[in-house]
1. In the full protein assembly as shown, how much of Asp428 is accessible to a 1.4 Å probe, in Å² to the nearest 10?
2. Taking the simple approach of a point 7 Å from Cα along Cα-to-Cβ for both Ala344 and Arg120, what is their distance in nm?
3. I need the phi-derived Karplus couplings for segment 325-339: 6.51 cos²θ - 1.76 cosθ + 1.60, θ = phi - 60°, integer Hz, Gly and Pro marked x.
4. How many nm separate the modelled label positions at Ala466 and Glu521, each set 7 Å beyond the Cα in the direction of the Cβ?
5. Under a 1.4 Å probe, what is the accessible area of segment 265-341 per residue, stated in Å²?
6. What does the extension gain come out to for Glu216 and Gln563, with contour length at 0.36 nm per residue minus their alpha carbon separation?
7. Assuming R0 = 30 Å, can you tell me the calculated FRET efficiency for the pair Thr279 and Thr646, based on Cβ-Cβ distance, to the nearest 0.05?
8. To the nearest 0.05, what FRET efficiency results for Lys368 and Leu415 with a Förster distance of 45 Å applied to their C-beta separation?
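The values are calculated or read from the model by the stated rules, or taken from the named source; none is laboratory data. It should be emphasised that the depicted structure is a prediction, and the values quoted were computed from it without experimental measurement. Glycine gets a Cβ as well: all are built from the backbone with ideal geometry, and neighbour counts include every protein chain shown. Note: accessible area is taken over every heavy atom of the protein model, side chains too, but ligands, DNA and RNA are not part of it. Shrake-Rupley method; radii C 1.70, N 1.55, O 1.52, S 1.80 Å.
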Amino acid sequence: MKRIIPLATRCVLLLATFMVDLVAGGVIGGGTAHAVELDRRQKAIVSTIGATINRAGKAYFEGKYDSSGNEIRKALEQVERAVDLGSPELYDAIVVHIDKISRAHAMLELEGISLPPFRRPPRPTGTASTPMASSDPPDPNSPDPNTPGTPPSGTLVSFTKDVAPILSSKCGRCHISERRGGFSTSSYTALMQGPPEGVVVFAGDVIGSRLIETIETGDMPRGGAKVSAAELDTLKTWITQGAKFDGNDPNQMLAAANTPAPAMETKPPVITQATGNETVSFSFDIAPLLVEHCGGCHIDAMQVRGGLRMDTFVQMMRGGDSGAVITPGRGEASLLVKKLRGTATDGERMPAGGRPPLSDDSIALISKWIDEGATLDANQSQPIKVISKLAWASRASSAEMSAKRAELADRNYKLANSSTALTEYQTDHFRVVGSGSQQTLEVVGRAAEKHLKIAKSVARPASATAAEDYFHGRATIFVLPRRYDYSEFAKMVEQRSVPSDWSAHWQYDGIDAYAATVASETEDEEAIESRLLAPIVSLAVASRGSDVPRWFAEGIGSATAMQQNAKSRSEKEKLRVLAGEAASAVKDAKAFLDNKLTPEQADSFGTALAMSMLDRGRRKMLDATFRLLDDGKSFNDAFVGGFGVTPTIYIDQLLQFRR
């Protein structure tokens, strides 16, 4: 039976716990100073455990005791695996986390949460290993014999010979030929970059690498392919050894099968940015032609023809088996134009497969674009399909965008709930769809409009416009009645698994703009409203510009929701403690901006950053940033105009202050 603890007593327990944590140096990676420096792998393990405990604390403050309990269970397992490594130095580094787990365990049991018995693990008595001279991964030619899981000399795992074939055979259909969930394993560089949510491979850290977690849980790969135990061991060992690349070009494409990818030029192609004086635009004129006529063979292709992949501008400029297909300044001499005209000396006319040829006008347009330098007027890291979509969106009216989003929403809903009839409810700014009752959809719609008022107070629109113009068309809200339906929506529509403690999230890609949330008639309106606030604010922030980074939008949304829910002085103090812990997990701005943190660490630190920007002393700077975004400035230029420094400098200054 759940024990009922008076509110006053519970607050005293919470504050006492945090005072103990602060006195003990209770920060991620904190604790007493060690005579021996931890190696990179050990530091990553300490950070991973700290991030898990941080999530548990955040869930506890929000009253999500079940979610907090789940995180503490994970932390217990992580500590057990860390202790099993037998390092006294690593044990000393996680002692502060063990203390936190002990206190959290007791507090959650007071809330009626059933947890495994907690027994403080004894300190290993093994001999301390010689520390590494730096935090870099071990040299691939000098494996550390004291690192558990590292094979003896001569059995190092090769990315090109051992890891790449596994990725090709098990991940090729979804993450090499395509970018399901925004995640590509098409090259070493793409794999290490990870999906938009953050890095999934951490060199030296099997525990923190989500790639391994998704395989071990059976969530990936999908479609029948299974990673064998031997293959999983190979991936783990490769990560333990430092996740090194042993080829010539880390950007070289992998084949979507067990056959090796064709050799590529090691020198990256030269990309020339548009000057604005061109008469032909790649984004508006060329990209739509390529998407329409080259899809299936060179864009989103299961098997790429002629080694020519055109998913991104860089890939297209690199060329295929026959070399470069575009020679800037020489349109008619370029292989691409010759193939389209059917005048190339070898091979068939493109597009192949019985498709009709491009019109003479379309080919002439491509040739003229090449004559003018084959310049790019978009972000070269974006897929060509995205470039084409964003170009269309920039010229579409709000009504046209609403119609497009409705079309996408109906298709996505059918994909996730093919047998359930769609119900909808429309407000000034949102189209709410789902399988629940009309009453539930109306509750969600009212809550969304209420939260948008808060969002507008943060991301103020430049001027008074029609309601439908705020998101450049109505945004969609998917209402899923059960957590299972919500999880299935993410898997089927977004091709990813959402964390077990999520019940709402948002997506914005320049065209589609939506939030997905769990809501049913059995819940009270307050619970539904509470979970919807952060994603609505984040969606509003993301839509203020064409290149607003996810960390900024997600952070502002989470920070605003936490501050709105923090009514008392003690609750606001808890937020400051959380912000301090999140900052202590980050080495520098580059690690954060380059997605070198776990998704949990990145979200926590993004929230801490946003709290600093929402502070009264910097609020005018944030307002100026949003005004510049509304004026069409890039995010980086708007940030510099508002805060006077780049995001990198701002983050490093904040980290220095925190420490």
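1. 90 Å²
2. For the pair Ala344/Arg120, the computed spacing is 7.1 nm.
3. Per residue, the Karplus-derived 3J(HN,Hα) values read 9, 10, 10, x, x, 9, x, 5, 7, 6, 4, 4, 5, 4, 5 Hz.
4. Using points 7 Å along Cα→Cβ, the separation is 3.5 nm.
5. Numbers: 3620 Å² over 77 residues.
Value returned for segment 265-341: 47 Å² of accessible area per residue.
6. Numbers: separation 347, 0.36 × 347 = 124.92 nm, distance 3.68 nm.
That pair, Glu216 and Gln563, stretches by 121.2 nm at full extension.
7. Values: r = 34 Å, r/R0 = 1.13.
Using R0 = 30 Å, I get an efficiency of 0.30.
8. Details: r = 40 Å, r/R0 = 0.88.
My answer for the efficiency is 0.70.
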